[in-house]
Amino acid sequence: MRRKIAVIGAGPSGITALKNLLDQGLDAVAFDRNQEVGGNWIYTENESHSSVFETTHIISSKTLSQYEDFTFDDFDPSISDYPSHNELRRYFQAYARHFNLYPYIHFGTMVLDCQRNSEGNWVVTTEREGIQSTTIFTDLVVCNGHHWNPRWPSYPGTFSGEMLHSHNFKKAEPFRGKKVLVIGGGNSACDVAVETSRVSEMTAISWRRGYRIIPKFFFGLPSDKIGERSKWVPLPIRNFLFDLLLKIMVGDNNLYGLRKVTNKFGETHPTINDELLYKIRHGKVKPRLDIKSFDGKKVVFEDGLEEEYDTIIACTGYFLSHPFFDKKLIDYSSGPVPLYLKMFHPEFVNLYFIGMFQPLGCIWPGAELQAKIIAREIAGKWTRPKNIRELCEREVTHPHYRQVDTPRHTITVDFHLFKKALKKHLPKNYTSKQPITKKELETA
Ligand SMILES: Cc1cc2nc3c(=O)[nH]c(=O)nc-3n(C[C@H](O)[C@H](O)[C@H](O)COP(=O)(O)OP(=O)(O)OC[C@H]3O[C@@H](n4cnc5c(N)ncnc54)[C@H](O)[C@@H]3O)c2cc1C
Ligand SMILES: NC(=O)c1ccc[n+]([C@@H]2O[C@H](COP(=O)([O-])OP(=O)(O)OC[C@H]3O[C@@H](n4cnc5c(N)ncnc54)[C@H](OP(=O)(O)O)[C@@H]3O)[C@@H](O)[C@H]2O)c1
């Protein structure tokens, strides 16, 4: 059977997968449940795949958050350092238009099921407008995103107020005049607390450990640019220096009434926020410890403090989720994730994952490099290492960062080290900025 490739998802990872497969003259199509390109970056007030809210701006800066084949300068050089969700959506859609990807994407199409048949090919069942159909593909490239299936916390007792997850937080206005408790110390929690504090009667934030709050700028430069300038420095020294810089520029958490940081830099996914500490020092956000229990609208904290809240917003992260696979075949929801370069499966040579990693930085530049390697493999221009099983295991036993053992820390990579590792598998001239023409594909 001629290679025929299905890409699941047309978000930032799916479009670069499709682009690079087509670039190699391969027969590829993508399926997306949405009606447009953009994935997580299609903001809507209704429940959807997306987890962004009205005011979301990225936390990785623009020059470290672009495809090499289609940079922000190729799109709109006037884009700010930290683009908004809307600017990103437009960027991803411009990428898809520039490379003529739209004819190859089946929108409004949900992938329901992917099974291997006796030849080892993928039997893919999709649903569009209530009609199911099944197609056989030789290869499957999974780009379904990993920030959409909410992970909820649980506590003794019952909370009788309103409780929602950050996935469903869209804007601050509904929380005007309310007493709001935000749970978590990740980027969602800190962004949400800052937003609700603008309108709420009171906003508090509950942390189960101490987190470094990294500003978006140091010395007038985006903070990830400082990281980039020191990328040649060995990781432990780089992290020590970054911590020192943070101590000098921001100070210890106890100055803000926040929990003390007890782990090393990189041991938790970084939280980047310029407004939380300001809001705390202006009395708009109150730091709280972990929750011990609920009793009606009352929340009891670890230190015995009891307070009443109208709303709790759990910003407690997301499951790695692949509902179209039988769980016996693929289930990474509670880790570990033994995939070589976070994309090659130890056993199934025709199954790939793109963008399923959590960089200390942006996802899609790494996804673009992954896509190029996969496309070259399927096109017969690159051969995977023979000891793939061993390499998959090594990903688990030798992570870039030894992180605290919580569910969100199963797929972390260092942005620069990961890109370097991927580039080793690509030729020097791997960028390709030319639009793909239908003629090229037909003659391939
Ligand atoms: C609030 C927020 C802010 C973030 N900020 C940053 C940031 O600053 N920098 C960064 O790098 N990352 C950030 N992220 C992480 C985010 O996951 C990535 O930016 C990016 O969206 C990943 O792209 P993706 O294509 O892998 O996944 P997604 O963007 O999630 O796209 C997946 C696509 O797959 C489709 N899909 C899923 N399942 C199916 C199915 N069964 N059938 C058909 N289609 C399906 C979806 O409709 C979607 O279009 C943020 C996440 C959140 C929630
Ligand atoms: N502006 C932006 O660009 C922006 C905004 C939001 C999100 N994001 C990105 O989106 C992704 C998801 O971020 P996220 O903040 O939604 O999720 P996350 O990174 O998984 O953070 C979840 C937070 O909740 C805590 N938590 C989990 N379970 C808990 C429990 N049972 N009790 C108490 N605390 C609990 C975690 O603690 P532990 O430390 O113990 O794990 C962590 O602090 C990340 O990649 C993030 O960078 C970016």
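The table below lists the values:
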item	result
For region 195-267: rounded, prolate or oblate by the Cα gyration tensor [a/c cutoff 1.5]	prolate
Anisotropy class of region 185-336 from Cα gyration tensor, a/c 1.5 cut	oblate
Karplus-derived HN-Hα couplings along region 147-162 (A = 6.51, B = -1.76, C = 1.60, θ = phi - 60°), whole Hz, x at Gly and Pro	10, 9, 9, x, 9, 9, x, 9, 9, x, x, 10, 9, 9, x, 7
Given LYS342/LYS372; LYS381/LYS420; LYS62/LYS284; LYS62/LYS381, the pairs whose alpha carbons are separated by over 22 Å	LYS62/LYS284; LYS62/LYS381
Partner aspartates and glutamates for LYS170 [C-alpha distance under 18 Å; skip if fewer than 8 residues away on the same chain]	GLU45, GLU47, GLU54, GLU87, GLU162, ASP191, GLU195, ASP310
Ranked list, fewest to most other Cβ atoms within 10 Å of each Cβ, for ARG288, ARG229	ARG229, ARG288
Prolate/oblate/rounded label for region 86-193 (Cα gyration tensor, a/c 1.5)	prolate
In nm, spacing of pseudo-spin labels at GLU347 and THR134 (7 Å Cα→C-beta vector)	2.2 nm
Positive minus negative residues near PRO359 (Lys, Arg vs Asp, Glu; Cβ under 9 Å)	0
Extension gain from LEU426 to SER118, taking 0.36 nm per residue of separation minus the Cα-Cα distance	107.6 nm
Helix-only mean residue ellipticity at 222 nm for the chain, each DSSP H run of n ≥ 4 adding -39500 (n - 2.57), per residue, nearest 500	-7000 deg cm²/dmol
Computed over the chain: relative contact order in percent, which uses C-alpha pairs under 8 Å that are six or more apart	20 percent
Long-range amide H partners of ASP113 with built H, under 5 Å	THR125
Paramagnetic reach from LYS292 in region 308-352 [backbone N under 17 Å; point 7 Å along Cα→Cβ]	308-309
Inter-label distance, nm, simple model (7 Å from Cα along the C-beta direction), LYS247/ARG394	3.5 nm
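FYI, it's all coordinate maths here, none of it is from the lab. Everything quoted here is computed from the prediction, not taken from an experiment. Neighbour counts are summed over all protein chains in view; Cβ atoms, including those assigned to glycine, are modelled from backbone coordinates with ideal geometry.
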